[in-house]
1. Here is a list: B:176, B:181, B:194. Which entry is buried (at least 20 other Cβ atoms within 10 Å of the Cβ), assigned to a helix (DSSP H, G or I) and of a type in the set (Gly, Ala, Ser)?
2. Which of the numbered conditions does residue A:178 fail, given that it passes all the others? Conditions: (1) at pLDDT 95 or above; (2) not in a loop (DSSP other than H, G, I, E, B).
3. Check off (1) modelled with pLDDT of 95 or more; (2) within 14 Å of chain B (Cβ to nearest Cβ) for residue A:82 and give me the number that stays unchecked.
4. Please state which of the following conditions residue B:107 fails to meet, knowing it meets all the rest: (1) within 30 Å of residue A:103 (Cα to Cα); (2) out of contact with any Pro (no Cβ under 6 Å at 6 or more places or on another chain); (3) more than 12 Å from chain A (Cβ to nearest Cβ); (4) surrounded by 14 or more Cβ atoms within 10 Å (Cβ to Cβ).
5. Take residue A:160 and decide whether it is crowded, with 20+ Cβ neighbours inside 10 Å and over 21 Å from residue A:32 (Cα atoms).
6. State yes or no: is residue B:114 open to solvent by 50 Å² or more (accessible area, probe 1.4 Å), within 21 Å of residue B:150 (Cβ to Cβ) and either within 14 Å of chain A (Cβ to nearest Cβ) or modelled with pLDDT under 95 (or both)?
7. Sort out which residues of segment B:11-20 are open to solvent by 80 Å² or more (accessible area, probe 1.4 Å) and without any contact (Cβ under 8 Å) to a residue 24 or more places away in the chain, and write them in order of number.
8. Between B:193, B:150, which is over 30 Å from residue A:55 (Cα atoms), at pLDDT 95 or above, more than 14 Å from chain A (Cβ to nearest Cβ) and within 28 Å of the chain's Cα centre (by Cα)?
Amino acid sequence: MSAEPLLRIRGLSKVFGDIPVVDRVDCDVMPGEIVMVIGPSGAGKSTLLRCVNRIEIPSSGDVVVDGVNMAGEHRNGRMVADSPAATARKRRHIGMVFQRFNLFAHLSALDNVAIGPRRVLGMKPADARALAAEQLARVQLSAHMAKRPVQLSGGQQQRVAIARAMAMRPVLMLFDEPTSALDPELVGEVLAVIRALAEDGMTMLVVTHEMQFAREVGTRVLFMDAGRVLEDAPPRSFFANPQQARAKEFLRRVHAMPA
Amino acid sequence: MGGFDWGAVWYAVPYMLQGTVVTLEISFWAMLLATLVGVVMGLISVSDLRGLKAIIRAYVYFVRGTPALVQIFLVYFALPRIGFELSSFWSGVVALAFNSAGFIAEIVRAGLQSIDAGQSEAALSIGMTSRQTILYILLPQSLRRITPPLTNEVITLIKSSSLLSVISITELTRSAQLIIAERFVPFELYAALAVYYLVIISVLSRASEYVERRLA
């Protein structure tokens with residue numbers, strides 16, 4: 001395993017109006033790490049995630065994924081900002097899964113997964129479909145490949161969304177509250193898929209409110225509040241013995257810690 | 001009040017059918033041109049091409065803020081000055097398309113922007129460029145929403161083509177006016193004229209409903 005971090009975040013801030021939603025965050029993620037980002041709503045967890053692949057443009061700070069600065073290139077000692085096309089190319093291998101699935105509403109499950117390899121990676125249609133079928137099989141959806149998103153349950157939609165991201169052969173996966181929009185009985189199937197990816201060694205950043213899942217699957221927990229990372233610890237020690245008062249209060253409120 | 005002069009209406013039929021053909025021809029070419037230009041402008045309006053977006057905004061501002069009749073005269077008299085010697089038929093086509101394209105651009109822009117932002121975010125997240133996102137994700141989803149306002153626009157265009165009588169194009173309205181001048185039967189022929197337009201537009205509405213169902 002390389003000693004270089006796969007994801008390096010330095011001094012990352014995102015300001016909306018005068019409010020720093022993400023406030024000077026530093027974080028290194030090593031290959032294979034599964035980082036659970038938790039904290040109260042409005043803490044900036046989702047914004048942090050969205051700044052990593054520049055769906056949200058950071059106000060300041062650096063994000064480096066796999067040695068590549070997401071904002072631009074250093075040329076002759078100067079930072080030259082990327083063109084939109086260059087940003088798009090850098091996003092290809094960072095998978096993202098959204099709270100509300102965001103499957104392409106006009107496409108079948110198969111085409112949702114195939115369209116990235118086809119249009120972005122330039123694969124032949126038949127090859128893209130074969131790859132998509134393979135990815136859908138991994139999330140146990142082979143029987144539903146022809147269905148449109150509206151014909152699928154939330155859990156199925158989210159699994160298609162995971163397959164769509166995985167079809168791009170990501171080096172890093174970002175999960176933005178992947179189970180928060182699901183009916184309780186559908187949460188398990190999605191978490192099982194994410195757990196399987198974790199066991200395969202995928203590096204991931206997961207914003208979640210599923211504390212038990214964070215504890216069991218995470219190799220590390222970031223606790224955020226008011227835009228800042230207040231704790232960065234292995235799950236076992238974080239959940240057993242949070243250092244910050246804000247973290248203790250949060251865990252009590254979500255019943256992850258006895259009162 | 002005298003009786004209704006049916007004879008004049010029958011007498012006018014061949015002339016008004018000829019006028020109908022001209023109206024349909026003009027409307028067809030104008031719509032084709034307006035759709036091509038309007039859709040491209042609508043797509044650019046949601047893209048990240050800032051310079052072109054500003055030009056389109058100015059264009060739409062002008063088209064929306066001036067009467068179609070004035071635009072027709074402007075195009076008719078302006079084209080020769082900038083070196084385009086077009087027949088009045090093609091001047092008419094250009095004038096109508098000039099007007100309609102502005103509204104179609106707005107229809108397309110609104111249709112694209114009505115698609116949930118999550119769709120674009122998902123497209124960007126798999127590495128699509130903004131052009132690919134618009135083309136493969138937003139446009140296909142907005143087609144069904146665009147169809148009804150686009151049909152309205154076609155209807156408006158066909159009705160506006162009656163204004164082209166002022167630049168001596170013998171389309172449907174002028175063909176009726178010529179008979180009125182000849183036989184002085186304004187009520188009968190304007191009534192007939194209304195029916196001709198109603199028939200044309202009813203057929204068109206039916207066709208559009210069919211298209212809308214197919215896109216469902």
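1. Numbers: B:181 fails: buried (at least 20 other Cβ atoms within 10 Å of the Cβ); B:194 fails: buried (at least 20 other Cβ atoms within 10 Å of the Cβ).
Going through B:176, B:181, B:194 in turn, the sole match is B:176.
2. (2)
3. Residue A:82 satisfies all of (1) modelled with pLDDT of 95 or more; (2) within 14 Å of chain B (Cβ to nearest Cβ) except (1).
4. Here residue B:107 clears every test but (2).
5. Values: crowded, with 20+ Cβ neighbours inside 10 Å: yes; over 21 Å from residue A:32 (Cα atoms): yes.
Against the criterion (crowded, with 20+ Cβ neighbours inside 10 Å and over 21 Å from residue A:32 (Cα atoms)), residue A:160 qualifies.
6. Working: open to solvent by 50 Å² or more (accessible area, probe 1.4 Å): yes; within 21 Å of residue B:150 (Cβ to Cβ): yes; either within 14 Å of chain A (Cβ to nearest Cβ) or modelled with pLDDT under 95 (or both): yes.
So residue B:114 fits the description; yes.
7. Taking segment B:11-20 and keeping what is open to solvent by 80 Å² or more (accessible area, probe 1.4 Å), we get B:15, B:17-18.
The one that is open to solvent by 80 Å² or more (accessible area, probe 1.4 Å) and without any contact (Cβ under 8 Å) to a residue 24 or more places away in the chain: B:17.
8. Details: B:150 fails: at pLDDT 95 or above.
Just one listed residue meets the conditions, B:193.
The values are calculated or read from the model by the stated rules, or taken from the named source; none is laboratory data. All values derive from a computational prediction rather than experimental measurement. With ideal geometry, Cβ positions are generated from the backbone for all residues, glycine too; neighbour counts draw on all protein chains shown. To get the accessible areas, we keep the full protein, side chains included, count just its heavy atoms, and leave off ligands, DNA and RNA. Shrake-Rupley method; radii C 1.70, N 1.55, O 1.52, S 1.80 Å.
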